[in-house]
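See structure below.
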Amino acid sequence: MVVSYSIPLATSAVVVWLLVAMTPNPSSSTPEISAVAPRSITALAEDIARQVARIAELPEVQAAFNSFLAHEADLMARQVEIVTIPAPPFHESNRASWLKTHFSELGLREVHQDGSGNVLGIFPGGDNRYHSRRKKKGGQKYVAISAHLDTVFPPDTRIEIRREGKKLYGPGISDNGAGLAALLALAQALRESRIRTPAPILFIGNVGEEGEGNLRGMRHIFADKQNGKDPWWRDSIAYLLVLDGAGTDTIVCQALGSRRFEVTVRGPGGHSWSDFGVPNPVVVLASAIEKFSQTPVPANPKTTFNVGTVRGGTSVNSIPEIASMHVDIRSASSIEIDRVEQALRRAVQDAVTGANSSPAKRARGNASSTADLTQEIRLIGDRPAAELPPSSRMLQVIRAVDMHLGNRAHIQRASTDANIPLAMGREALAIGGGGTGAGAHTLHEWYDPSGRELGLKRILLTVLMLAESAR
Ligand SMILES: [Zn+2]
């Protein structure tokens, strides 16, 4: 038997008006929420809290809750299996194939890989016509739920998962083994408990979240043009819930912006004795770093910069031909990122100009080895800063779900896949997949699944609530 439920969205005209006023407008960068009065927000919050309580009591939802505990051992086995498949940046394909097989086994429809390598599958909800309606303009809206496939670890990293008591140790076990496991748990629970949702759910295992992946998987999903034969998802996704890492204590709804550069200084190089006086790219880069590192940054909005790597040179008795560095700039504000970027560009330009006009170089005259130094500043990563407005429906929903479950969570700013839709003025946030973990991005990473079902209940209730208003 297939059970379906229907929840009245709103009980008064005021609340109906509020919901309309709070619906994100994809064509505008800021959702239209300014007209919402504080007292009405309280009324809306109470209404959402009642909906959460009603959905949580439904027999099929209770069955799903029970299935989380019943399947914990299987889920852990799957988590270890997927984490053992290496997925360094730009090499996620083996892990993607594994996920594709499991999406299909769990009954998701239209399981496929898109042009960027993302794995997608659809839980159709209660409406079998979802496929044809998606193609119409302004057609079916989806609730999307995603977990990134990639890890930060290079291809030669030895991946071994070992168990100590309840804890599992191994690179990627939590980030994003916990998120991927939660994605699978949700698909399984929806199917087994025969829940029908008013809107279909789009499951995404995406590539390119970490480091130089630069959110390429999520950028592809939200691209403003159709990518080859891939479906054009951008305007069909009403909400994106990102599952990243473990835990239940955070709501990442503020996107930390970052911009990353590779700075390269090149010169003629030469012999350390006979070509003395030829400008030295390593010295020039050091001088640029010295100047750049004096750049003042505000504590609020928090803004940071880092010179992460420095490379260059041939040998101890050679004047280098090349020197380069990687620079990371982060801020809650795009304006501050722009300002620090300008400081970096000025520091590099001044150091290069200074070396090219130095007395030592001029003294060498027009010899070929006195050719000017050149500089190149290449953008290697750009993640926009943005945030979900406090009165957005998605934030109200997760708050109400947490209250219902007795879960305490705080708002956090971070760089996640949610940056992309948030920067477009769309509703998105990132939460953990339950359980606990630490040591992300290190070889000492661990995950403890104790209490994971709280995180899974949180995810299920949030998705079911969002599916109510994604039509
Ligand atoms: Zn992650």
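The values are calculated or read from the model by the stated rules, or taken from the named source; none is laboratory data. Given the structure is predicted, the values throughout are model-derived calculations rather than measurements. Reconstructed Cβ throughout: ideal geometry from the backbone, glycine too, with neighbour counts over all protein chains shown.
Computed values, structure above
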read-out: Residue match in the range 103-113 (condition: crowded, with 20+ Cβ neighbours inside 10 Å, under 22 Å from the mean Cα position of the chain (by Cα) and at pLDDT 95 or above); value: yes
read-out: Subset of the range 405-421 that is away from the ligand (no atom under 16 Å from the Cβ) and buried (at least 18 other Cβ atoms within 10 Å of the Cβ) - its residue that is farthest from the chain's Cα centre (by Cα); value: Ala409
read-out: Residue selected from the range 422-438 under the condition within 12 Å of the ligand (Cβ to nearest atom) and not in a strand (DSSP E or B), by the criterion surrounded by the fewest Cβ atoms within 10 Å (Cβ to Cβ); value: Gly432
read-out: Residue within the range 190-202 that is within 25 Å of Arg78 (Cβ to Cβ) and within 14 Å of the ligand (Cβ to nearest atom) present; value: no
read-out: Criterion (at positive phi, modelled with pLDDT of 90 or more, away from the ligand (no atom under 16 Å from the Cβ) and part of a loop (DSSP other than H, G, I, E, B)) met by exactly one of Gly117, Gly138, Gly125, Gly172; value: Gly117
read-out: Boolean, Ala355 is modelled with pLDDT under 95, part of a helix (DSSP H, G or I) and crowded, with 17+ Cβ neighbours inside 10 Å; value: yes
read-out: Qualifying positions in the range 439-460 - touching a Gly at 6+ places or on another chain (Cβ under 7 Å), assigned to a loop (DSSP other than H, G, I, E, B) and of a type in the set (A, V, I, L, M); value: Ala440
read-out: Subset tally (residues that are surrounded by fewer than 17 Cβ atoms within 10 Å (Cβ to Cβ) and under 30 Å from Phe276 (Cβ atoms)) for the range 323-342; value: 0
read-out: Candidate set from the range 214-255 (those that are at positive phi and within 16 Å of the ligand (Cβ to nearest atom)); member that is modelled with the lowest pLDDT; value: Asn214
read-out: Those residues of the range 386-404 which are under 21 Å from the mean Cα position of the chain (by Cα) and either more than 14 Å from Glu46 (Cα to Cα) or β-branched (Val, Ile, Thr) (or both), in sequence order; value: Ala386, Glu387, Leu388, Pro389, Pro390, Ser392, Met394, Val397, Ile398
